[in-house]
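What follows is one structure encoded as structure tokens, with my remarks underneath.
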Amino acid sequence: MVRSTQPAELTWFVARSLAFLGHLDPHGLARRLAPRWRYLRRDSAASFVWQRSAGPPSAGVVALAPEPDDDERTLRLAQPWFEDEPDDLARLVAELSERFDHEAAELDLVGIPADRAERLSALLAGEGFDFDVVRVLRFELADVPPLGRPLSLEAWRPPLDAGLRALVCHSEGSSLSDLRWSWLKRASGPFRPDLFFVASEAPDRPALGYALCGARVVGVAAVIGLTAAGVVPEYRSSSEMLRRLVLSLLHELAGRSPLGRVEATLSGRDPKLIEILRSIGFSVGAPRPLLRRLPG
């Protein structure tokens with residue numbers, strides 16, 4: 001069965017997680033950390049274990065579920081561990097996935113040794129999780145560089161929805177289910193039609209790219225999440241068009257929020273986009289390995 005831990009069990013739970021990481025003194029470190037925990041009941045309630053009818057718990061994970069009114073509905077998992085039966089962790093994750101309403105799920109692998117991460121990846125592949133390494137990029141809109149040749153950006157309108165969706169599919173060479181398209185609209189906060197853009201050389205010219213954003217914080221010092229950006233296959237052989245697209249987007253956003261910031265969490269599977277953003281002035285965070293399950 002699945003159950004959350006009691007406050008008195010939290011030190012033991014953390015010790016099991018540290019032991020899974022290969023720490024030499026997991027129980028000692030857990031005891032030393034215990035006095036620093038400020039939200040004992042909350043943290044223990046989010047720490048779940050798989051327990052058979054007899055014997056101690058055999059697997060555990062921390063699960064933070066989205067709130068009912070959250071737009072970005074991701075189930076976040078961390079601190080996984082298991083004893084002798086790896087399948088018990090897979091059962092635990094499956095049960096929690098059924099229990100909590102969500103659209104996407106992430107299991108944080110930061111600090112987990114590579115061999116353990118590979119084992120977790122194979123273990124949870126059956127639950128739809130894929131291994132990825134992401135980086136968080138940030139850009140202060142007060143530092144926008146010169147624009148050069150701008151692109152025309154047209155914001156989303158209901159008549160454009162099907163065309164924008166088809167443009168994203170064409171640019172990325174893949175299909176988008178209804179679930180994935182709906183999730184993309186809210187992946188960086190509440191859906192903002194004025195932050196979903198179709199790019200072209202001029203308003204009467206064919207579309208050549210797209211940029212999908214959301215507002216995590218609004219106002220002059222807004223925090224804008226860049227969910228996705230890309231150009232059609234005809235321009236993918238060179239970085240010039242994508243660079244023009246991103247620069248045009250930054251100038252558009254800086255005009256609205258001159259003291260704002262743009263943030264993007266990008267997959268290591270798209271190193272070209274990461275390097276283009278770095279060349280424009282985005283700061284690039286450290287690699288963060290995770291297992292990810294996206295909708296659709």
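Each reported figure results from applying straightforward, stated rules to the coordinates on display, with no laboratory input. Worth saying up front: this structure is predicted, and the values here are computed from it rather than measured. Cβ coordinates were reconstructed from backbone atoms using ideal geometry, including for glycine residues, and neighbour counts include every protein chain displayed.
Of (i) 21.1; (ii) 22.2; (iii) 20.1, which is the value of Kirkwood radius over Cα pairs in Å derived from the coordinates here?
For Kirkwood radius over Cα pairs in Å, the calculated option is (i).
Can you order the peptides 140-150, 10-20 by their average number of other Cβ atoms within 10 Å per residue, highest first?
So the order, starting with the most tightly packed, is 10-20, 140-150.
Could you work out [θ]222 nm for the chain from helices alone, using -39500 (n - 2.57) per DSSP H run of at least four and dividing by all its residues? Round to the nearest 500 deg cm²/dmol.
Taken over the chain, the calculation gives -10000 deg cm²/dmol.
For region 89-191, which semi-axes, largest first and in whole Å, follow from the square roots of 5 times the eigenvalues of its Cα gyration tensor? Please list the in-between numbers first.
Values: eigenvalues 230, 89, 37 Å².
So the equivalent ellipsoid measures 34, 21, 14 Å along its semi-axes.
Give, rounded to the nearest 20 debye, the magnitude of the charge dipole that the chain has about its Cα centre when Lys and Arg contribute +1 at Cβ and Asp and Glu contribute -1 at Cβ.
Using only the charged Cβ atoms, the result is roughly 680 debye.
Which of Asp87, Asp204, Asp178 moves most in a GNM of the chain, Cα contacts under 10 Å?
For the chain, modelled as a Gaussian network with Cα springs under 10 Å, the answer is Asp204.
Thr74: net charge of surrounding residues, Cβ under 13 Å, Lys/Arg +1, Asp/Glu -1, itself excluded?
Every neighbour counted, the sum reads -3.
Tally Lys/Arg at +1 and Asp/Glu at -1 over every other residue whose Cβ is under 15 Å from the Cβ of Trp50; what's the total?
On the way: positive: Arg3, Arg16, Arg52, Arg91, Arg99; negative: Glu9, Glu83, Asp84, Glu85, Asp87, Asp88, Glu95, Glu98, Glu127.
Charge balance in the 15 Å sphere: -4.
Only Cα pairs within less than 10 Å get springs; with that Gaussian network setup on the chain, which residue of Ser152, Ser237, Ser279 has the largest fluctuation?
Ser237
What is the local net charge at Leu212, summed over the other residues whose Cβ is closer than 15 Å to its Cβ (Lys, Arg +1; Asp, Glu -1)?
Result for the local shell: -2.
Nothing charged except the Cβ atoms of Lys and Arg (+1) and of Asp and Glu (-1): what's the magnitude of the dipole of region 138-286 about its Cα centre? Round to the nearest 20 debye.
The dipole magnitude comes to about 280 debye.
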